[in-house]
Structures are given as structure tokens and as C-alpha cells.
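Below: one structure, written as C-alpha cells.
The values are calculated or read from the model by the stated rules, or taken from the named source; none is laboratory data. Model, not experiment: these values are computed from the prediction. Note that we place each Cβ from the backbone using ideal geometry, even for glycine, and neighbour counts take in every protein chain shown. Note: areas computed on protein heavy atoms with side chains; ligands, DNA, RNA excluded. Shrake-Rupley method; radii C 1.70, N 1.55, O 1.52, S 1.80 Å.
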Amino acid sequence: MAGQLSAFGYAISDNPEEGDLWLINTCTVKNPSQSAMNTLITKCKSAKKPLVVAGCVPQGSRDLKELEGVSIVGVQQIDRVVEVVEETLKGHEVRLLNRKTLPALDLPKVRKNKFVEILPINVGCLGACTYCKTKHARGHLGSYTVDSLVERVKTVIAYGVREIWLSSEDTGAYGRDIGVNLPILLNAIVAELPPDGSTMLRIGMTNPPFILEHLKEIAAVLCHPCVYSFLHVPVQSGSDAVLTAMNREYTVSEFRTVVDTLTELVPGMQIATDIICGFPGTPAARMKKVPSTIVKNRSRELTSVFEAFTPYNGMEGKVERIWITEIATDGSHLVLIVAPETILGTSAIVKITSVGRWSVFGEVLETLPQVNVKMAPDKVSNQEKHSPCSNQYDSCACSKEPEPCSCGPDICGGQIKLDKCTVSKNDSPMENRASKNPIHWFVRKRRNHAQKKVENDIALGLENEQDWAPGSWGFVDGALLVGIFVSFLMIVA
């Protein structure tokens, strides 16, 4: 939504008081999120600002008293957010909640992290968990086609994205509404990942029922060197009776099968999970409530088990490859290492020097060379699919040499930061610029021709200086020179 508004000409402000309109995006997974929305709505109305509320809360609970007199946009209508904002600023109340088609994948985007693409592969799910309110907002399963997702992957890789996160309410259910499945999609995406491992894939959350029949195929993908050996599989409860009451559609034994199979087949496999300590909720709210003292005791017990984990013990001295995509919360460490910000977006070989409970630290042994590095612009749309280097002889924005684009930290004496090598909104390929400046285009094309001639001559061992005498020029060279001279005289006249 921020990307579309920015592309339309709106400025996104960090100061609410400066805004001409407030746009609140909401989540409905937990009560605190909805409470925060109510607080913001009250503040906005007190400040007498036009207001648009988006996300799961208005989609799932459109009749809330707090939403009276407020413009709302649903989860599948985000491609119309500019229209809603425009009308709201005119004093109109707009409500867009119903839609049958999915939003396009190539809408303009403002990334929180320019090295990470969060790619939704479907909306909704096939489940009907009794505690879940998200289903009321997100609805039934709707999957993007394999081709459209693969095209998006190819586009963001070309722009220098270093991690692709597949997003979904239930990754394992992907494609069941359009006649495909998750392994088909994963294999198609993996085939487009750079073989040097410069862009990695992370698979999103999946519930157990829909991956049970594809465990070996998914394990094979997780073993790929360009895929993180990680999966989020919520268990929610260790009791079959509670799982039945939750309508989770699997048993404890089946969850164990998922975990055991993946850890057996995938070296270094890591699995994250979720556990609910205080079921019931939502439709299950009519059940007898679990006393809060019991809920807290369960939570404390699980926390103590969790904090007893020491997953990184024994890693000291090991040499590992890392991908550097964000600054650690302490503001000084880049994931595992102490390094300048210019190393963001690269990959490196490091030696682990020490480990903590939840992190490891190391020293860089080698920064791996990157191929086809093209920085992703803040806003990506189908009108901005040009790279900084439109062909192999166009020089990158931070390189003076006519060689393939390479905007890593070692270019330009290390003085140019990664975010300097971007494609501006008005950039266009050389063919499009020809209509604006045809002489410039031809001159650049002739320069390329001359460079190719140099390469060919060197290859043939033709080092005689007379090869470059004016008499050896072709007819087109001479005509071009005369044309330039005549144009110069006309400009002077």
C-alpha cells in the first residue's frame, strides 16, 4: 500500500501529526492488535484526520462500532488503496471488502528490507480451526499460478534481492484449488535461483495435514543449497483430544512423523513450532475457559523448556557460509559479524569464534563474489523492470568501466554504499532513450562497436597501429562523423 501511494505521488511521513490522512493496517490474530487499532482510531478522530483502516480487522469484523464513519479496505483490495485514499480526502466514506480476484504480484512496493522479498503464494486456507479468527478475514484458499510466482521470482532476483520468503497462511495447502501442489511450485522456483547461492529461498509456515503426503519431495527441496533448511510447523497442542477440539485435522503421531522425517532427510534441519497454552478461543469460546493460573503455569513451564535449548553449542571453530541482509538489533553486528554497512546484501565465508544461546559470532574469512548484482529499487512495478546495466556494455551507476554491472562493496574504492546503485523512476533502457537523444544513442552504439573491434583485433594479434588509421574507417563511420560536424555547425549558426 505504501508503494502504490508513493508511486502515485504521496509522501509517507513518520510523524502522524504531519499527515493529511492516516492509514492503519490491522491484524486480527490476537486481541492486543485490535486494541491497538481502537486506540489509534480514537487518536485519529481526536486529531480530526481523514482515516482509512485496512487489513484483517475490518475484513473480518466490518460491523465494529469503532469502524463507523471510517473508510475501510479489505485484504484483497489493496491494489485500490490509492482510490480509497483519494475519495477519503474528498470527504467520502469508502468501503471495499468484496473481491473475487487476487491482487497483482508486481504492484509498486516499499520494502522494509531492500534485500528481502516477501512473496505471497496464496491467500486464505483450507482449515477451519475453532480458535482462529483469521479465516473469517482471509477466507477460503486462493492460490497464485506457478507461472506468475516464477516470473515474480525472476524479476526480484534481477533487482538484487538476496532472500525470498514464501508467505502464506498455510504453505502446504498451496495449489489445491488450481490443480497443482507445493512441490511443483518449489521446484519451479528453485530452478530460477542463481547457482552461486547469492539468493536464498525460505519456505513459510505450513500446517501438518497438507505436507504429510509430500514429505520426501519437500525434504529434497530443503536439501537444495539455495534453500534454508528451516520450516515453521505449528503443533498447537500435544494432546489428541485438544487437537480434535481445535479441529486441527492431524494427530500428535502425524506431527511426529513430519518432524522425524524432515530431521532424518535434511541435514541441519531446524523446525519452529507454536503451542497454545490457553485453548479455547473464537467458536471454541463457548467451551469452559481454562483458568488463567493454569495458563500461566503452562506458559512458564514451556518457557523454561525453551530457554534450556542450546542449539549452537559445539559450533566454535566451524567454517560456515552466511548471508548478510540486516543489521542486528544492537546496531553494531550484521547478523554474525562486525562489519561496515556496505557488506549488506553480500554473502561470506566466516569462522565461528563464539556462541551464545540464540546467536553465534564469527570473523569473515572471505567475501564471496556476487554475480548479476542489481540493486532493488524501493518501489518495484511492471513499469520499472530495467536493471542499472541494460546490456553487457552499459556501465553500472557506480562503475566507470564498460563491464557487467557489479555494485558490490568493493567497487568505487568502497566509497559507494549499496543503496546508491539504484534505478530511478525515470530511468529507461537505451532503446527508449534513443527517441529523446538519437545522436547520443548512435554514438554509444558506435563506441560499443569500436570496443568489440578492439577485442577482436587483440584476439587476432593485430597490433599494427595503422589498423586504427582514419583510412580504415568504414562508410558508416565517416558518414556519422560528417553528420555530427554538420549538426555542430547548425547549432553554432
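Observations on the model:
- Looking across the stretch 16-41 at every residue that is surrounded by fewer than 12 Cβ atoms within 10 Å (Cβ to Cβ) and without any contact (Cβ under 8 Å) to a residue 24 or more places away in the chain, the one that is nearest to GLU87 (Cα to Cα) is identified as GLU18.
- Of ALA245, ALA188, ALA219, all but one fail to be part of a helix (DSSP H, G or I) and touching a Leu at 6+ places or on another chain (Cβ under 7 Å); the exception is ALA219.
- Residues that are surrounded by fewer than 16 Cβ atoms within 10 Å (Cβ to Cβ) and either among the small types (Gly, Ala, Ser) or assigned by the TED database to the domain that holds LYS133 (or both) within the stretch 46-92 comprise SER46, ALA47, GLY69, GLY91, listed in sequence order.
- Within the stretch 304-311, at least one residue is closer than 30 Å to ARG111 by Cβ and open to solvent by 70 Å² or more (accessible area, probe 1.4 Å).
- Count - residues of the stretch 18-71 that are within 23 Å of GLY91 (Cβ to Cβ) and part of a helix (DSSP H, G or I): 13
- Filtered residue count, the stretch 93-143, keeping only those that are at pLDDT 85 or above and not in a loop (DSSP other than H, G, I, E, B): 11
- Selected residue (criterion: farthest from SER347 (Cα to Cα)) from residues of the stretch 234-251 that are surrounded by fewer than 14 Cβ atoms within 10 Å (Cβ to Cβ) and not polar (S, T, N, Q): ALA241
- Considering the conditions (1) open to solvent by less than 40 Å² (accessible area, probe 1.4 Å); (2) in contact with a Ser or Thr (Cβ under 9 Å, 6 or more places away or on another chain), THR261 is excluded by exactly one of them, (2).
- Criterion (small (Gly, Ala, Ser) and surrounded by fewer than 14 Cβ atoms within 10 Å (Cβ to Cβ)) met by exactly one of SER292, SER347: SER292
- Within this structure, ARG286 fails the test of being of a type in the set (D, E, K, R), surrounded by 15 or more Cβ atoms within 10 Å (Cβ to Cβ) and not assigned by the TED database to the domain that holds GLY60.
- Enumeration of residues in the stretch 93-122 that are out of contact with any strand residue (DSSP E or B) (no Cβ under 9 Å at 6 or more places or on another chain) and surrounded by 21 or more Cβ atoms within 10 Å (Cβ to Cβ): PRO108, LYS114
- Verdict on LEU231 being in a strand (DSSP E or B), of a type in the set (A, V, I, L, M, F, W, C), modelled with pLDDT of 90 or more and surrounded by 13 or more Cβ atoms within 10 Å (Cβ to Cβ): yes
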